[in-house]
Amino acid sequence: MVVIAHLSDPHLDGSPEALSRLTQVTDHLRGLAVRPDVVIVSGDLTQSAGSLPAADQTVLAAQHLESLLAALSMNVPVFCCPGNTDDRVAFASRFGLSPSIPGPVHQLHRLGQLVIILLDVTVPGHGHGQVTDSILAWLAHQLEALIGDKRAVLVMHQPPTPLYHAAVDGLFLRNSEALEAIITRHEQIVAVLSVHSPERLLEVATELNNRPRKTLGGSTPAQAMQRLLSEPEKPIVATTS
């Protein structure tokens with residue numbers, strides 16, 4: 001069994017607050033009874049100031065990447081894929097990759113019988129992801145090359161499944177149906193890891209939890225939960241009318 005610690009969106013920007021958040025996470029991982037065998041960070045590793053010239057942003061992103069890897073030092077492999085806030089040039093340089101910049105930066109790593117495939121589905125300058133024909137062809141080739149009982153974990157930044165909410169679905173993965181078809185054909189894939197814009201997901205949760213419900217007598221789920229916590233002797237009973 002391989003234990004994976006999956007992180008995402010640290011958005012290191014040089015501020016002590018961002019680094020402190022990541023340090024708290026890694027301190028928690030180090031204290032686990034079962035230590036992870038690998039750490040995977042699925043994008044938005046860094047956050048650069050958009051007002052800087054491109055060359056300066058690349059230098060700054062490289063510095064933030066060094067901070068990220070130093071904070072994640074746990075004597076286990078650390079695999080990362082880029083997100084939409086990451087600088088492809090800095091990313092490729094730091095991890096010793098030589099893609100056709102500004103093209104996507106894909107990776108494949110082997111960990112025993114597990115193969116970790118990191119897809120770069122980002123669209124420079126945009127928040128959404130896109131599965132192109134070239135990405136699909138590269139992924140299919142890697143999967144078809146797997147032999148024996150090897151299993152694969154697929155990693156990308158933008159989630160391939162929508163939440164059916166306008167606030168976040170515009171930032172998710174486009175052409176995901178084609179990706180689903182490949183995943184369906186290859187039973188070697190045992191997991192898909194991704195996450196994107198936790199702030200937007202929080203917006204969705206907040207909106208839904210603060211929307212009045214007829215089944216709760218006009219109260220919101222947040223209000224109902226608060227009453228349940230403060231007055232457990234008066235349970236909220238939902239109706240189906």
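The values are calculated or read from the model by the stated rules, or taken from the named source; none is laboratory data. Remember, predicted model here, so these are calculated numbers, not experimental data. Note that each Cβ is placed from the backbone with ideal geometry, even for glycine, and that neighbours are counted across all protein chains shown.
Worth pointing out:
- Leading residue by the ranking (nearest to residue 90 (Cα to Cα)) among those in segment 124-137 that are surrounded by fewer than 16 Cβ atoms within 10 Å (Cβ to Cβ) and not aliphatic (A, V, I, L, M): 124
- Elements of type strands (runs of 3 or more DSSP E) in segment 76-158, at least 2 residues being among the hydrophobic types (A, V, I, L, M, F, W, C) and within 17 Å of residue 180 (Cα to Cα): 114-118, 151-155
- Answer residue from segment 82-111, given it is modelled with pLDDT of 90 or more and out of contact with any helix residue (DSSP H, G or I) (no Cβ under 9 Å at 6 or more places or on another chain) and is surrounded by the most Cβ atoms within 10 Å (Cβ to Cβ) among those: 107
- Pair list, Cβ under 7 Å, 6 or more apart: segment 22-48 residue within 26 Å of residue 60 (Cβ to Cβ), other residue aromatic (Phe, Trp, Tyr) and surrounded by 13 or more Cβ atoms within 10 Å (Cβ to Cβ): 40/79
- In segment 116-126 there is at least one residue matching the filter, namely being among the hydroxyl-bearing types (Ser, Thr, Tyr), closer than 21 Å to residue 46 by Cβ and within 21 Å of the chain's Cα centre (by Cα).
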